[in-house]
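The values are calculated or read from the model by the stated rules, or taken from the named source; none is laboratory data. These numbers were taken from a predicted model, which means no experiment stands behind them. Cβ placement follows ideal geometry from the backbone for every residue including glycine, while neighbour counts extend to all protein chains displayed. Just so you know, the surface numbers come from the protein's heavy atoms only, side chains and all, with ligands and any DNA or RNA stripped out. Shrake-Rupley method; radii C 1.70, N 1.55, O 1.52, S 1.80 Å.
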Amino acid sequence: MRHESPMTMVLPEQQVRDRVHRLVPELWHALGDLVRHRSVATTPDPPLAVTAEAIAEMFRAAGLSTATVETITHGTRKSAPMVLADEVAHAGVTTVLLYAHYDVQPADESKWTTKPFEPTERMDENHDMRLYGRGAADNKSGVMMHLGAIKALYGDRGALPLNIKLVIEGEEESGTSVLESYLADNPDDPRFKADLVIVADAGNIERGAPTLTETLRGIVAADVTVETMAGKVHSGTYGGPVPDAFMALVQILATLQDRKTGDVAIEGLTQYEHAWPTVPEADYRRDAGVLPMTSLIGSGTIAKLLYGKPSVTVTGLNGLPLVSGAANVLCAKARARVSLRLAPNQDPDEAYAAMAAHIMAAAPWGLKPVVKQIASGAGFIASAGEHQQQIERALMEAYHASSVARAGQGGSIPLVNALRAANPEADVVLWGCEEPSSHAHGADESVSQSELEHMTLAEALLLRSVMSPIPIQAS
Ligand SMILES: [Zn+2]
């Protein structure tokens, strides 16, 4: 007599759809709970461990009994708590690694319509329910996609013909990932080895348009310090002969962009060509909140400027009081943090060297600014592996669409490269619920309920499609 091992059973597609649909209220509620966790990586004592533990408990309850909170030490640095799981069903079956992050950007409450850490539901003009809150999209929605896909597939059954590894980190937004540098030095750590890597930290090109993100920009950042005097002195008594440190710094910063075109003016940076879809100017303006009188800058299409070219921003400044505390003193020492987004094919070390050389050369009046590197992460260019067709099909089936868009993302997810380096043969899927109207990193961040459902379904269908048949055991 033969009978099937429970692991041979794969749920019919319709059942996966039904299950995901029924799970939505529960996922929506759990996402709200996660938004209440103020897991802002850059504040003192953020409740990272508490958030991680809450997530681990959700996954244990969903059937991943191995989900635990761990930290990783690399050199002298210890990572933020991360949720790891290693669910081994069978040695010969596909191993999938599910990645998301639970840390969030800070939120300036004065700019928000509702409180950023109190999840709030509102229907939008398209009759789509949205959940507002910091991290609702970036990236707690990604945590929910993984949770929902696992719940839909495991349901009441025990093991599946699929090995699942979970990596939910808490330092993606901090700009310095211990896990990333650890992985670069330890690419063979079995906890991060997989045949398929699903990064649920991207989004569709617009709501309802199934999209695979195929490129990411990289990033380097540096602090530039200019010092001209031993200390502050009266601007009337001494101002004139001596360079004010802030004004000197401004001279340097102003050279980072071409004054006419607005292009990054640092020599030697790369650009990358790719068949990105068109980004309509009106959509871009609306989503970014560009004021009507502001002209766009830079040479090339909006897609190329966003995904394939470098861009430069000053993200922090020391040395001057706020305007409300302005005083008639010369600035003796000023520091700016310069952040440079990189084309997907740019080597970050080369970009940093070019930026540092540019800054040194741009310093006026014989000044010698001090340039210190703060962050560095390579971009990403997807390559099609053995699961490419299943990935596209799952996404199309989830949206009942006949094609998928192939987009880029202007932001950086440095860990993606580290995961790929650790798994050079694996497909790396970049998708998620962070479509443009979710305003990730901005005020009034939100996530669409229909996107959460469709993307969870896409992930569940993908996991279903890569389940390997297990030999039926005779007994
Ligand atoms: Zn993110």
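Observations
- For GLU445, the residues whose modelled amide H falls within less than 5 Å of its own, excluding neighbours fewer than 5 places apart on the same chain, are GLY133.
- In this simple spin-label model, placing a label point 7 Å from the Cα along the Cα-to-Cβ direction at both SER295 and THR313 gives a separation of 2.3 nm.
- Full extension of the chain between ALA421 and GLN389 gives 9.3 nm of extra length, using 0.36 nm per residue less the Cα-Cα distance.
- FRET efficiency, 1/(1 + (r/R0)^6) with R0 25 Å, evaluated for ALA357 and ALA230 via beta carbons: 0.30
- Three-way shape label, the stretch 104-151, alpha-carbon gyration tensor, a/c 1.5: oblate
- The stretch 226-330 - percent of accessible surface contributed by carbon and sulfur, probe 1.4 Å: 57
- Spatially proximal lysines relative to LYS78 (Cα-Cα < 25 Å; intrachain offsets below 8 disregarded): LYS140, LYS165, LYS193, LYS372
- The alpha carbons of the chain occupy a box of 99, 49, 42 Å along the principal axes, longest dimension given first.
- In plain terms, the C-alpha convex hull of the stretch 155-214 casts an average shadow of 6.9 nm² when viewed from every direction.
- To put it simply, the accessible area of the stretch 405-448 at a 1.4 Å probe is 54 percent carbon and sulfur.
- Counted over the chain, the DSSP beta bridges are approximately 70% antiparallel.
- In this label model, GLU109 and GLU26 are separated by 3.4 nm, measuring between points 7 Å along each Cα→Cβ vector.
- In this calculation the C-beta distance from GLU13 to THR270 is compared with R0 = 41 Å, giving a FRET efficiency of 0.45.
- Residue-averaged 222 nm ellipticity for the chain, from DSSP H runs of 4+ at -39500 (n - 2.57), nearest 500: -9000 deg cm²/dmol
- The slack between MET396 and LYS368, meaning 0.36 nm per residue of separation minus the straight C-alpha distance, is 4.5 nm.
- Residue-span extension gain [MET123 to THR71] - 0.36 nm each, minus C-alpha spacing: 14.8 nm
- Carbon + sulfur, % of accessible area of the stretch 69-175 - ligands and nucleic acids excluded, 1.4 Å: 47
- Across the chain, Cα pairs under 8 Å and at least six residues apart give a relative contact order of 26 percent.
- The convex hull drawn around the Cα atoms of the stretch 47-139, when projected onto a plane and averaged over every direction, covers 9.5 nm².
- Residues of the stretch 251-327: accessible area per residue with a 1.4 Å probe, Å²: 66
- Unit Cα scatterers, Debye sum, the stretch 289-419: log10 I(q)/I(0) for q = 0.09 Å⁻¹: -0.46
- For the stretch 206-222, 3J(HN,Hα) per residue [Karplus equation, 6.51 cos²θ - 1.76 cosθ + 1.60, θ = phi - 60°, Hz, x = Gly/Pro]: 8, 4, x, 10, x, 9, 9, 8, 9, 9, 10, 7, x, 8, 10, 9, 9
- The stretch 339-454 - accessible surface per residue (Å², probe 1.4 Å): 39
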